[in-house]
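This report refers to the structure that appears directly beneath it.
Each reported figure results from applying straightforward, stated rules to the coordinates on display, with no laboratory input. Please read these numbers as outputs of a predicted model, since none were measured by experiment. Here Cβ is always computed from backbone atoms with ideal geometry, including for glycine, and neighbour counts include all displayed protein chains.
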Amino acid sequence: MDDQPIVVDPDLYATEGPYYPEDWQSETTSIGSSIYRGLMENGRRYQSLRNEEYLVPSDDQMFETYEAGHLVALILDSERENPLFRSPVGRDPKHILDLGTGKGVWAIDVADMFPDATVRGVDLFPPPVSWMPPNCVLEVDDALQQWTWREPFDLIHMRIMIGSFNEPEWEQIYKRCYDNLIPGGWIEQVEASPVIQCDDGSLPASSILNTWGDYTMECAKRFGRELNAIDTMSDSIHKAGFVDVHEKEYKWPIGPWPRDKKYKEAGTVNFQHWLSGMEGWCMWLLTKYGSPEPWTKEEVHVYVAKMRKELKDPSYHTYQRARRVWARKPRPDELASAEKNIKVEKQ
């Protein structure tokens, strides 16, 4: 990540107008199965496949959030020929897996890019998609259960999976990724921090935005699933046996305050990402693990309203950190060489 602050656009933008549209894409679905209905709590719908509680909703508003996050990542890599991933899988991959596919937009885009590949998107809740490329398959499944896909993958992708697993489960996921990749295949993961930051002092110390990240991370820690994947995934991937571990760091601005056109566009979309996502990111955590005692739904609504009001202040130049990590499964000759070196060292 460039350590230089993002240059601020001196013009201020009102919270109504082209940078803050009233209607940021919406989609609905009505399917009768119990999996599609999910579990309703505090006005939000949660997955019902995994037999345990899950901190992020699986409803239309959250799918809208996933789509906005996807666009932020695309915009900030828009100068690349392939903004979807950085793993060098070549021009003819055969099998690609998207874990935690959400609405499936990444899997659909990659399937369009590689029409001869089979691209699978997997999540705990059926995405509201009415059409997809013939080579794209969106499946409802739990990645912690036994993987039954027959063909190994050229690439396994994950994005914004914080809070999905506890530490032992993360180790299990990385091992399964390793075991289900072809020799020389790639794993790639993108995560963003929940902590809101500011480089130029424009965000007052008393702002509620300053407390949001640390507080939600404390609640998640009490739940047993920390929100620190952005800082742990590189070491965890290396520990799982992957080599050629690469990292790319980003600043995701929140709002159209940057001067640079690309950052301004990303900030505009990320503003919508936060507006649609905040309630879902914190509702379950605060009503279950808030302190000094669990919050009520109404208290969460008031908290989120205060957050939204501050996010709409164009004088606050805020952003969040993000990181992309990609790494390769070693080939058999590399493993043999590594084993030989270990034997030599032991002598």
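Show the residue pairs that are 6+ apart or on different chains and have beta-carbon atoms under 6 Å apart, the first residue being within segment 254-279 and farther than 16 Å from residue 312 by Cβ, the second being in a helix (DSSP H, G or I) and of a type in the set (Val, Ile, Thr). Note: pairs meeting the criteria are 265/75; 266/72; 266/75. Is it the case that some residue within segment 275-298 is more than 17 Å from residue 57 (Cβ to Cβ) and assigned to a helix (DSSP H, G or I)? Checked segment 275-298: at least one residue is more than 17 Å from residue 57 (Cβ to Cβ) and assigned to a helix (DSSP H, G or I). List every residue pair whose Cβ atoms lie under 8 Å apart, where the two residues are 6 or more positions apart in sequence or sit on different chains, the first residue falls within segment 299-310 and is farther than 15 Å from residue 280 by Cβ and touching a residue at least 60 places away in the same chain (Cβ under 8 Å), and the second residue, located anywhere, is of a type in the set (Phe, Trp, Tyr) and not in a helix (DSSP H, G or I). Between residues of segment 299-310 that are farther than 15 Å from residue 280 by Cβ and touching a residue at least 60 places away in the same chain (Cβ under 8 Å) and residues that are of a type in the set (Phe, Trp, Tyr) and not in a helix (DSSP H, G or I), the close pairs are 310/316.
Would you check if there is a residue in segment 90-97 being surrounded by 23 or more Cβ atoms within 10 Å (Cβ to Cβ) and in contact with a Ser or Thr (Cβ under 8 Å, 6 or more places away or on another chain)?
Step one: of segment 90-97, the residues surrounded by 23 or more Cβ atoms within 10 Å (Cβ to Cβ) are 96-97.
From the residues that got through so far, the ones that are in contact with a Ser or Thr (Cβ under 8 Å, 6 or more places away or on another chain) too are 96.
The answer is yes; a qualifying residue exists.
Of all residues in segment 100-115, those that are among the polar types (S, T, N, Q) have Cβ atoms under 6 Å from Cβ atoms of residues that are buried (at least 24 other Cβ atoms within 10 Å of the Cβ) and outside any loop (DSSP other than H, G, I, E, B), 6 or more apart or on another chain, in 101/107; 101/121; 101/123.
Regarding residue 187, is this residue of a type in the set (A, V, I, L, M, F, W, C), over 22 Å from residue 114 (Cα atoms), surrounded by 22 or more Cβ atoms within 10 Å (Cβ to Cβ) and touching a Leu at 6+ places or on another chain (Cβ under 9 Å)? Against the criterion (of a type in the set (A, V, I, L, M, F, W, C), over 22 Å from residue 114 (Cα atoms), surrounded by 22 or more Cβ atoms within 10 Å (Cβ to Cβ) and touching a Leu at 6+ places or on another chain (Cβ under 9 Å)), residue 187 does not qualify.
Among the residues of segment 280-294, just one is under 16 Å from residue 53 (Cβ atoms) and free of Cβ contacts under 8 Å to residues at least 24 places away in the same chain, namely 294.
Flag: residue 216 does not match the condition of being without any contact (Cβ under 8 Å) to a residue 40 or more places away in the chain and part of a helix (DSSP H, G or I). Of all residues in segment 196-212, those satisfying the criterion of being in contact (Cβ under 8 Å) with a residue 40 or more places away in the chain and either in a helix (DSSP H, G or I) or surrounded by 18 or more Cβ atoms within 10 Å (Cβ to Cβ) (or both) are 196, 203, 207, 209, 212. Looking at the structure I just gave you, is residue 260 in contact with a Pro (Cβ under 6 Å, 6 or more places away or on another chain), farther than 21 Å from residue 170 by Cα and not aliphatic (A, V, I, L, M)? When the stated conditions are applied, residue 260 does not pass them.
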